[in-house]
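Please treat every number below as a calculation from the coordinates, not as lab data. No experiment lies behind these values; they were computed from the predicted model shown. Please note: Cβ atoms are built from the backbone with ideal geometry, for glycine as well, and neighbour counts cover all protein chains shown.
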Amino acid sequence: MTVYINDISVIAPGLIDKTITRSILQGEKNWIYQEMPKLIPNMLPANERRRTTPMIRLALACIQGLSSDYNDLQTTSTVFASSDGDFEISDKICSALSNDEKIISPTLFHNSVHNSAAGYWSIASLIKGASTSISAGNATFMSGLQEAVTQVEVDGGTVLYVAYEYPAPSSSPLDRYSHIKYPLAIAIRIGKQAENKALGTLTLEGPENNTKESVCRNPSLEPLRTASPVGHGMPLIVALVRRARMQVIIPYLRDEKFRISISH
Amino acid sequence: MKAMTPMAITAKTIVNSCGLGEASTIDALRNNCSGLKQRAYEGLNFDTWLGIVDEIESIEIEPKLARYSCRNNLLAKLALQTDNFHASVESAKLRYGVERVGVFVGTSTSGIAETENAYSHMHHYDTFPDNFDLLHTHNMSSLQSYVQHSLGLYGPGHAISTACSSSAKVFAAAYRHIVSGQCDAAIVGGVDSLCMSTLYGFNSLQLVSKEICRPFDANRNGINIGEAAGFILLEPATAGHGKVKFKGYGESSDAYHMSTPHPKGDGAVIAINDAMTRASLDASEIEYVNLHGTATRNNDQAEARSLFRVFGDKVVCSSTKGFTGHTLGAAGITESIISILALEQNILPGNLNMQAWDETLRIKPLEVTTKRSVENVMTNNFGFGGNNCSLIFGW
């Protein structure tokens with residue numbers, strides 16, 4: 001399956017400013033952890049914006065980093081992928097339920113769905129196309145990318161792929177059990193046709209066994225790659241920004257990997 | 001949009017409060033008998049009717065998969081061991097190979113009940129239980145991973161979690177993976193089990209009825225929550241000659257509100273029309289629609305408007321949530337299997353519990369289960385976040 005990568009965006013601590021992010025991904029600068037600023041999803045009306053959580057804002061801010069010229073809102077589909085969803089919401093709901101009163105607010109509840117970020121994005125963008133929200137544990141980045149590429153292959157149109165993870169609040173007991181160390185969101189717009197600013201094509205092959213997953217060319221990014229299931233997508237983003245013609249190997253279910261060939 | 005290559009439904013299993021297996025659901029439908037009961041449930045401090053699967057209490061997860069143990073995966077296991085489903089999967093494994101059968105499942109809350117219990121444990125003992133396993137229970141992928149391991153399948157797949165449309169969308173995902181050659185067949189399904197998050201959550205939105213739920217009734221006042229599981233073996237139609245086929249899917253977003261449907265049903269109309277386009281059928285050829293029909297004021301009104309826009313007021317339809325309750329992330333698979341049973345058994349399910357039809361909706365559901373043989377049926381599922389999915393099944 002071969003598709004065009006028409007735009008990409010990434011957000012993480014220390015990867016906020018676009019110019020700095022680009023030079024880090026190109027290997028000109030080292031990545032260093034920096035506190036995340038409060039992200040503001042400008043595209044949402046104020047009443048909706050107030051209801052968003054840091055995880056939702058991370059996903060939306062990442063999509064905001066893409067150019068937003070959608071030709072046809074009806075045929076743009078979205079694939080949202082997150083292994084663990086919104087720990088802050090799980091923590092608040094489960095805490096509330098452990099008290100005798102068991103009071104959950106309506107906003108807390110409607111933010112608890114795994115497709116919360118997708119729902120807010122559709123409200124912001126008015127895109128009425130198909131939208132899925134998936135989880136596949138450690139294989140989440142690759143499974144989401146596979147679903148997005150498959151949608152383009154079978155149904156055509158443009159697919160906006162957004163993968164994101166957000167750590168549990170440090171005050172939450174879930175923090176001890178979570179494998180997510182840093183927030184990270186990656187957004188990729190793919191299609192069967194090349195747009196003006198297309199970065200190249202991507203071909204998926206696999207799954208295969210007995211291959212080693214790719215690491216980041218800039219070793220300072222390694223902590224980010226290993227910090228969450230979405231981190232497995234970092235070598236792909238690095239390759240696309242470096243405009244290198246190469247293959248990256250990304251973990252899938254079990255011990256399998258996908259081989260992704262990039263051409264420009 | 002391209003027409004779909006139909007896929008055959010070659011095996012299926014269904015478990016809900018009407019009982020274990022197809023026969024129990026068929027009996028309930030034929031006898032207009034609900035699985036919902038007004039009863040207490042541990043931890044619940046308000047009155048409502050529930051669709052409980054009591055048999056969950058009497059089974060255990062396979063010892064080698066013990067870390068997946070939670071109410072949701074127990075319910076999955078119960079369904080997998082019902083209706084000879086295992087035997088059909090074993091046969092598919094022989095025909096296609098274990099790497100060539102995908103697993104696509106939907107759930108809205110997975111095993112979050114384990115995390116609820118862990119917080120409750122902490123409230124009393126200041127610590128989480130020793131055996132708490134976030135990734136293998138609470139995580140949305142737990143169900144997909146458990147089903148793959150339990151069935152010994154090594155194909156592609158993922159868990160879809162788009163609230164109450166989750167296990168409808170699995171048909172679209174599985175279809176795309178099959179036609180793009182990434183697998184030859186797929187298990188599609190869904191499971192949602194009772195948990196405090198959804199019970200108290202829907203109650204906070206004042207959407208839970210104290211009475212038995214009455215879809216499309218003038219006095220409807222909310223949902224009853226039920227738990228359910230269902231799985232289907234989906235194969236290219238050539239392998240399932242003479243079986244009911246999955247013919248079309250339509251997926252859309254309301255782009256309107258997180259928990260209220262678009263008042264005119266705009267998103268639903270897109271999903272319904274796309275499903276018909278893919279099935280190469282027009283509105284006159286859809287002979288029955290299984291409604292999402294949750295029995296909330298807003299859902300039923302928006303859905304009725306969307307149906308009226310596509311089919312007019314003569315459409316034959318019903319909500320079967322009066323039988324099973326709203327099974328949330330399992331509603332898609334539950335109502336897909338009910339729609340398939342309607343085709344196979346030559347019955348159209350009644351809209352149980354409706355006493356006084358809401359005439360303002362203009363769409364009037366079938367009051368009782370009726371004998372009729374039909375060619376093509378549709379089922380609708382709509383979820384929070386404005387996520388819509390329509391599916392078409394037929395001969």
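Inter-chain Cβ neighbour count for A:143-154, averaged per residue, equals 4 (cutoff 10 Å, partner chain atoms only). With a Förster radius of 56 Å applied to the beta-carbon distance between A:His179 and B:Glu367, the computed FRET efficiency rounds to 0.60. Put a plus charge on the Cβ of each Lys and Arg, a minus charge on the Cβ of each Asp and Glu, and nothing anywhere else: the dipole of chain A about its Cα centre is then about 620 debye.
Legend: ranking of residues B:Ile286, B:Ile14 from fewest to most surrounding C-beta atoms inside 10 Å; resulting order B:Ile286, B:Ile14.
For segment B:78-94, the Karplus equation 6.51 cos²θ - 1.76 cosθ + 1.60, evaluated at θ = phi - 60°, returns couplings of 4, 5, 4, 8, 9, 6, 6, 5, 3, 4, 5, 5, 4, 5, 5, 4, 5 Hz by residue, with Gly and Pro reported as x. Close amide H pairs (under 5 Å, H built 1.01 Å from N) link B:Gly248 with B:Ile392, residues at least 5 positions away or on another chain.
Is the C-alpha gyration tensor of segment B:264-337 telling us rounded, prolate or oblate? Criteria: a/c under 1.5 is rounded; beyond that, a/b larger than b/c is prolate, otherwise oblate. It comes out prolate by the Cα gyration axes. Name the shape class, rounded, prolate or oblate, that the alpha-carbon gyration tensor gives for segment B:52-176, where a ≥ b ≥ c are the square roots of its eigenvalues, rounded holds for a/c under 1.5, and otherwise prolate holds if a/b is larger than b/c and oblate otherwise. Because a/c hits 1.5 or more and a/b exceeds b/c, segment B:52-176 counts as prolate. Each Lys and Arg contributes +1 and each Asp and Glu -1, all at the Cβ; summed about the Cα centre of segment B:7-394, the dipole is approximately 800 debye. For chain B, averaging the sequence separation of C-alpha pairs within contact (under 8 Å, six or more residues apart) and dividing by the residue count gives a relative contact order of 24 percent. Dipole of chain A computed with +1 at Lys/Arg Cβ and -1 at Asp/Glu Cβ about the Cα centre; of A:Ile190, A:Gly206, A:His264, farthest Cα towards the positive end is A:His264. Full extension of the segment from A:Asp17 to A:Ser171, taken as 0.36 nm per residue of separation minus the current Cα-Cα distance, would add 52.6 nm. For B:Trp357, the residues whose modelled amide H falls within less than 5 Å of its own, excluding neighbours fewer than 5 places apart on the same chain, are B:Ala218.
Globularity index of the protein assembly as shown is 0.89 (Cα radius of gyration / 2.2 N^0.38 Å, N = number of residues).
Only Lys, Arg, Asp and Glu carry charge here, each on its Cβ (+1 for the first two, -1 for the last two); on that basis segment A:72-156 has a dipole of about 140 debye about its Cα centre. Couplings for segment A:191-201, taken from phi via the Karplus curve 6.51 cos²θ - 1.76 cosθ + 1.60 with θ = phi - 60°, read x, 7, 10, 7, 8, 3, 9, 4, 8, x, 10 Hz in order; Gly and Pro are left as x.
Arranged from fewest to most other beta-carbon atoms within 10 Å of their beta carbon, A:His110, B:His149 become B:His149, A:His110. Near A:Ile262, once Lys and Arg are set to +1 and Asp and Glu to -1 for all other residues with Cβ below 14 Å from its Cβ, the sum equals +4.
Take the Cβ atoms of A:Ile32 and A:Met246, set R0 to 25 Å, and the FRET efficiency comes out at 0.45. Inter-part distance, segment B:167-205 to segment A:164-225, computed on C-alpha centroids, equals 24 Å. Mind running the shape call on segment A:33-171? Use the C-alpha gyration tensor, a ≥ b ≥ c as the square roots of the eigenvalues: rounded below 1.5 for a/c, prolate if a/b tops b/c, oblate otherwise. The shape class here is prolate. Candidates A:Met36, B:Ala79, A:Met1 compared by Cα position along the dipole of the protein assembly as shown: farthest toward the positive end lies A:Met1, with charges placed on Cβ. Among the residues of B:247-259, the average count of other protein chain beta-carbon atoms within 10 Å of the residue beta-carbon is 6. With both labels modelled 7 Å from their Cα along Cα-to-Cβ, the B:Glu42 to B:Asn346 distance reads 4.7 nm. Each of B:Tyr154, B:Ile270, B:Leu366 was scored by the projection of its Cα onto the charge dipole of chain B, and the greatest displacement toward the positive side belongs to B:Ile270; charges sit on the C-beta of Lys, Arg, Asp and Glu.
Restricting the calculation to alpha carbons of segment A:117-252 gives Rg and Dmax of 15.8, 47 angstrom.
Extension gain, B:Glu60-B:His149: 0.36 nm per intervening residue step, less the Cα-Cα distance, totals 30.5 nm.
Taking neighbour Cβ counts within 10 Å as the exposure measure, how do A:Val3, A:Val79, B:Val315, B:Val374 sort from fewest upward? Mind dumping the intermediate values first?
Working: A:Val3 23, A:Val79 28, B:Val315 20, B:Val374 17.
Ranked by crowding around the Cβ, least crowded first: B:Val374, B:Val315, A:Val3, A:Val79.
Show me the GluC sites (Glu not before Pro) within segment B:45-96 that DSSP assigns to loop and that have at most 16 other Cβ atoms within 10 Å of their Cβ. Taking segment B:45-96 and a limit of 16 other Cβ atoms within 10 Å, the loop GluC sites (Glu not before Pro) found are B:Glu60. Mean residue ellipticity at 222 nm, helices only, chain A: -8500 deg cm²/dmol; runs of at least 4 DSSP H residues each add -39,500 (n - 2.57), and the sum is divided by the number of residues.
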